[in-house]
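Single-structure report; data block below.
FYI, it's all coordinate maths here, none of it is from the lab. Model, not experiment: these values are computed from the prediction. Don't worry about glycine lacking a Cβ; one is built from the backbone with ideal geometry, like all the others, and counts go over all protein chains shown.
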Amino acid sequence: MTRTARALRRWLAAGLLGAACAAPAAATAGFGVMVHYLPDKQSIADAARFDVDAFAASLAQMRASHLILTLGQNNGQYIAPNAALEALCPRSAANRPPRDLPLEIGRALHSRGIALVLYLPFRAPQDDPELMQCLGDISEQEPPPAHFVAAWTAVIRDWSQHYGALARGWWFDGVYNTRGISPAGWDALCAAARSGAPDRWLAFNAGEGPARSSAKAAPCQNLMAGEFMQPPAQFGGPPSELKFHLLTPLGASWGQPTPPRFTAAQVRGWIAQANARGGLFTLDLPLDADFRFLPAHVALVRNATAPRP
């Protein structure tokens, strides 16, 4: 072999090794991350500096196979435009970021083989009196008025169609009282949630703990909400028609930037148990002021999802 040929071979080998090191880690089946990104009126413009590529790359490094992303919660702020909501309540359009973050995030995740699940409360934002009145809603502890169900169905349909196949599912929170929703109301709401991708995961969260988190709270629900503050050592319970799912925060509570509550061994065991049931295990992870995951959390999750020898 000539000196030139040997040099070329070393160069090719180095290039292939570098490419292998740069390639994202393979996703860990059934393991996902939830993010509570909930800007307020004072920080909504900060969404302009959200580094979507760095965010998606961190999820790939943690080998996540899905992300649950909050569109908003109860303060009336949403991280995405919604034509139906802005037609119903025009003043609310001011409380939107200058970019469509879920669309950007969904595309970045799709390129890395990570599924996007959208999070939305089942009711109007309970801490925004103006939106509550505009949408015709009342306390989430009371049955929802029919005219609110129709309005919220239009809002869900708009986001469902807008994100289409990028949205693998929906996770609806605060499903505490569904009395009075008619069969036609449920049909319309469920069709709205499936609009754009008929095979979506649909979770409706009736509350925390073994009974409520595994309950079927809506006719079209096919995924357990799975909310647990303290997961059991062993996942029990009878067989269910719902796809198994368990969701818990790695920090002290939802979105809290505290040291991890669990060890990598615990997380690895829970992922294995969820996979054995054909289901999902999701950790809620906080973001810092620069919209990045905490290094200690990333390190623990990477350890937990690393391939075993």
Checklist outcome for this item: Over all directions, the chain yields a Cα convex hull whose mean projected area in nm² is 18.7
Checklist outcome for this item: Computed ³J(HN,Hα) along the stretch 282-297: with the Karplus parameters 6.51/-1.76/1.60, θ = phi - 60°, integer Hz and x for glycine or proline, the list is 10, 9, 7, 10, x, 10, 8, 5, 9, 6, 10, 6, 6, x, 5, 5
Next on the checklist: Of the candidates 39, 98, 239, which one comes out as most mobile in a Gaussian network treatment of the chain with C-alpha springs shorter than 10 Å?
Outcome noted: 239
Checklist entry - Angle between the Cα long axis of helix 183-194 and the longest principal axis of the chain, 0 to 90 degrees, nearest 10? => result 20
Item to check | Virtual spin-label span in nm between residue 165 and residue 141, 7 Å along Cα→Cβ | outcome: 4.5
Checklist entry - Stretch residue 40-residue 263 to full length: gain in nm at 0.36 nm per residue minus the Cα-Cα span? => result 77.0 nm
Checklist entry - Using modelled backbone amide H atoms (1.01 Å from N, in-plane), which distant-in-sequence or interchain residues come within less than 5 Å of residue 205's amide H? => result 172, 173, 174, 175
Checklist outcome for this item: For residue 34, the residues 5 or more places away or on another chain with a placed amide H closer than 5 Å to its own amide H are 68, 283, 284, 285
Next on the checklist: If you fit an axis through the alpha-carbon atoms of helix 52-61 and take the longest principal axis of the Cα set of the chain, what angle between them do you get, 0 to 90°, nearest 10?
Outcome noted: 60
Checklist entry - Using alpha carbons only, how many degrees (0 to 90, rounded to 10) separate the axis of helix 264-276 from the longest principal axis of the chain? => result 70
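Under a Cβ-only charge scheme (Lys and Arg +1, Asp and Glu -1), can you give me the dipole magnitude of the stretch 3-305 about the Cα centre, in debye to the nearest 20?
1640
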Checklist entry - For the stretch 106-185, what Kirkwood radius comes out of the mean inverse Cα-Cα distance, in Å? => result 13.9
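Taking 0.36 nm per residue of sequence separation and subtracting the Cα-Cα distance, how much length would be gained by fully extending the chain between residue 272 and residue 241, in nm to one decimal?
Fully extending the segment from residue 272 to residue 241 adds 9.1 nm.
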Checklist entry - What FRET efficiency do you get for residue 230 and residue 61 if R0 is 35 Å and r is their Cβ-Cβ distance, rounded to the nearest 0.05? => result 0.85
